[in-house]
Amino acid sequence: MGDFAPVQPQNVPILELNKGIILNKSPQRLDPGALLDCSNYFVTPNGLKRRPGIVRYGSGSIDYQPMVDIASFYEADGSQSTILVDSKFIYVATGSAFIGAYWVYDTGTISATGAAVTGSSTSWNTAASKILAGDVMILDADGSGDGPEEIEISAIGSDTAITLVSVPTGTYGAGTDYEIRRAFGSSKPELVDYTYGVDHKLLFVDSNRASITSYDGTDYEDLIASLDFIPSCITYFSDRIWVARLIESSVDYRQRIRWTNAGSFTEFPAANYIDLPYIHGKIQRLLGMGNLLIAYFEDAIFLGRPSNYVGLPYAFDRMDTGTLGLVGMKALTSWLDSHFFVAQDDIYMLSNEGLKRIGTPIISRTIKECSNLWKIYAVVDAENDRICFGFPKSGENITEIWSWNYKSNGWSYDTVICDSLASVPFVPKITWGDMTTETWTTGITGYTSWDSLLNIVVNRSLYLGNAGELLYYSSANSQDTGVTISGTFITPDFDLGAPDIDKSWNRVSLKTEEVVPSTVTFAVSGSLDRGNTWTSFGNLVVHADTDEGKIDFMITGSLCRFRFVSVTNVVPYVVNELVFRARPRGLEVTQ
């Protein structure tokens, strides 16, 4: 700021509020444009953008909370579908609801006595059926008797004996029809992993079954009829399928990677594997980056590069990270030829230029306060040029979404409550059944034919799963599903280069990048003791169709920080300038 010499009031402008939150420096020595707190505002190169509201998608909900993930893929006919994954099943997002897409086994009939179910002409305990505890049985699936009644399976005793977790309320005698729905990750829903790229299908593994399950938008099948290991991680890379963290013959090979031959996806040759037993931890994810295949362990990172070794298409070398690695399977995302992930001590960006810390400025507010590291999510919010990290500060629900704007390098956070995060080009699967006359005329306009309707492209918004519902950020909305958003930002401590001189602060003005569509009110307060106590100055108002507001007050001290809080329901706007007015008073005297 330079010396603060003039006796007359001096205006001190703070321009380009694009540095975001910085907590690893003295509050008096932050760069211009940096903040001590910034919630529910995005840090952009132009300033602080008040975040949009969160709205619910459709009226559908999942059956088994929490929602774990969202995936979008192209089917063989060129149409695009979006699916939701909860703790058991997959659902297809349609124009109006979420439709369960189940892998069903329904051979034979059943009878039930208490929680014991007896089958006739059933094969429940064979490798082919792959039925496990945690799967769900629907008794009297066609509803011709007392059903349908849905109960989780507790144990499989034989091909004809199953025990349910509870006693059915209905009566189901001999000859009752049924179906069993295979559950993904029934015991470890957080470990469901998937990849896309083989014959227009999504491939799933769940740390639970000796299976790679393929889904093409309509049907399920096992990619390989007989798989002799249980995979936990999967990726499609360099025209091969790669799996890792395997259970083989009841032995847990936490550092093992297997792969198919190039262009062949029907088997994993016995010799196609490598063990990386140089650390104690397990592999969390496999993810490609350019021509590299990265193996993320919980305590290490290995870079896989193309090799000239026969039988080893990629050779893996360990990076120098000490004992740091990926905290959870979902704490990693890819964007702009880089990987962004959460490790035990920081948030990192991995690119061809190497490993770079990006979370240090705010680390005390993230990982250290997180109670369940395995529930951390990392996703891209492309619409707002940011990488988002969801942290559960207590329990298993995400309570803060920290975001890093990769154009300004600024950090901020959103206060939300959700189960999961995802960022996909969300496209609902719409059928003629969704097209009532009212819907066609009022909800889906501008499409001249059914073919043009199939080409709907939805922006890649940030989606949130919460309490069984799907939510998303919408710039057209000013509230979170009807709840007011409270936006806050706090400046550093300003001493104006004269820490021993008292100053009288008597005005602050705030300017927005463009005129605001409706009146915006900020509750302004100040602190002379580094935020321990605050003095309210009143409301600063930016009136509709203007771009600036100011407030007069009087407070005296050697330094001052300012807090701005707005609960006005308004669509996003950008704050790009603050101006403070102060004058020196004299040497600070200790009482």
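By the rule of a C-alpha distance below 18 Å, with chain neighbours fewer than 8 residues away ignored, the aspartates and glutamates paired with Lys393 are Asp37, Glu190, Asp345, Asp346, Glu369, Asp414, Asp419.
Under a 5 Å amide H cut-off, with hydrogens placed 1.01 Å from N, Gly359 pairs with Ile347 among residues at least 5 apart or on other chains.
The order of Met329, Met319, going from fewest to most other C-beta atoms within 10 Å of their C-beta, is Met319, Met329. Largest first, the extents of the alpha carbon coordinates of the chain on the three principal axes equal 95, 63, 51 Å. Computed 3J(HN,Hα) for segment 261-272, one whole-Hz value per residue from the Karplus formula 6.51 cos²θ - 1.76 cosθ + 1.60 where θ = phi - 60°, is 6, 4, x, 10, 10, 9, 7, 10, x, 4, 7, 8, glycine and proline marked x. Run a plain Debye calculation on segment 104-181 (Cα atoms as equal point scatterers, no solvent) and give log10 I(q)/I(0) at q = 0.15, 0.16, 0.17, 0.24 Å⁻¹, rounded to two decimals, same order as the q list. The computed values of log10 I(q)/I(0) come out as -0.40, -0.45, -0.52, -1.11.
Spatial offset of segment 320-390 relative to segment 88-149 amounts to 39 Å, using the alpha carbon center of each.
Here the calculated FRET efficiency for Asp345 and Val55, from their Cβ-Cβ distance with R0 = 51 Å, stands at 0.90, rounded to the nearest 0.05. The listed peptides 121-131, 41-51, 264-274, ordered by packing as a protection proxy, come out as 41-51, 121-131, 264-274 (highest mean of other Cβ atoms within 10 Å first). For Val424, the residues 5 or more places off, or on other chains, whose built amide H falls under 5 Å of its own are Ser461, Tyr463.
Listed from fewest to most Cβ neighbours within 10 Å, the set Ser558, Ser527 follows the order Ser558, Ser527.
Each part gets one Cα centre, and for segment 513-591 versus segment 195-257 those centres are 56 Å apart.
Local charge for Ile131 was computed over the other residues whose Cβ lies under 13 Å away, with Lys and Arg +1 and Asp and Glu -1, and equals -1.
Once you keep just the Cα pairs under 8 angstrom separated by 6 or more residues, what percentage relative contact order results for the chain?
On the way: 1562 pairs, mean separation 101.3, N = 591.
Contact order relative to length: 17 percent.
All of the numbers you see were taken from the coordinates with simple rules; none came from a lab. Please read these numbers as outputs of a predicted model, since none were measured by experiment. For neighbour counting, all protein chains shown are included, and Cβ atoms are generated from backbone atoms with ideal geometry for every residue, glycine included.
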